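The values are calculated or read from the model by the stated rules, or taken from the named source; none is laboratory data. This is a predicted model, so every value here is computed, not measured. For neighbour counting, all protein chains shown are included, and Cβ atoms are generated from backbone atoms with ideal geometry for every residue, glycine included. Side chains included, ligands, DNA and RNA excluded: accessible areas come from the protein's heavy atoms. Shrake-Rupley method; radii C 1.70, N 1.55, O 1.52, S 1.80 Å.
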Amino acid sequence: MRDAKARLPLIASGSYAALATVVFCTMLAETVFLYPNYFHDIPNSLVVADEFTAVVSVGSVMRPLGAALTLAAVVAVAVGLWAGQARLWLLASLLSLVSGLALLSMLYLWPRWTILFDDRARYTIDELSRTAREIESAHAVRLALGALTALLAVIAALRTYRNRILETAGTGGPRTVACQPTEGGPEK
């Protein structure tokens, strides 16, 4: 049981941190490569975007990836609470994930994407342009919260790794090491 309590937190937090980083990098790539093409000449650019994403859309990739990330976060938090490691870092990351990526996406952004791609014939060009600006603004917030989620997850994984190393070294946990200078300087 002790070995599992030592290994599981590192596996859970490390997996979560890696996935959070992948999701953030994917969001960043989406922002750089797709958004300028989507929004440069509304409504014509939306027609081209529809054609480009006819086989695989961003939502086809990001929604399952987001679900996997949420599951990984919940598992990492549960294991972190069980093991008593990096709890606050993991909880903060989960809060950023849920508020910024999940809720902002589902409650605010997805309905606006529907306006642009599924229902655009019902709206004027001005309404579509305003919707695109709203998406860009909300996406900037989502991108910042995605970066925060990944950063906090990585810090949690590093804290868990540090605890694992200190336990393996036999110190029993985190401690402060005071360095004392030697009279002759460093040994050669």
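So the values come out like this:
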quantity	calculated
Helix axis angle, 58-83 relative to the chain longest principal axis, alpha carbon, degrees	30
Helix 2-33 vs. the chain, principal-axis angle (Cα, 0 to 90°, nearest 10)	30
Interatomic Cα distance distribution for the chain, bins of 5 angstrom, percent	1, 8, 14, 16, 13, 11, 9, 8, 7, 5, 4, 3, 2, 1, 1, 0, 0
Per residue solvent-accessible surface (Å²) - region 48-158, probe of 1.4 Å	53
For the chain: relative contact order, % (alpha-carbon pairs under 8 angstrom, 6 or more apart)	34
Approximate spin-label separation I11-D50, in nm, with each point projected 7 Å along Cα-to-Cβ	4.7
The chain, accessible surface, carbon-and-sulfur percent (1.4 angstrom probe)	65
Sorted peptide list for 9-22, 66-79, 30-43, criterion being average Cβ within 10 angstrom, highest first	9-22, 66-79, 30-43
Ellipticity estimate at 222 nm from DSSP helix runs (n ≥ 4, -39,500 (n - 2.57)) divided over the chain, nearest 500	-24500 deg cm²/dmol
Cα long-axis angle, helix 125-168 against the chain (0 to 90 degrees, to the nearest 10)	10
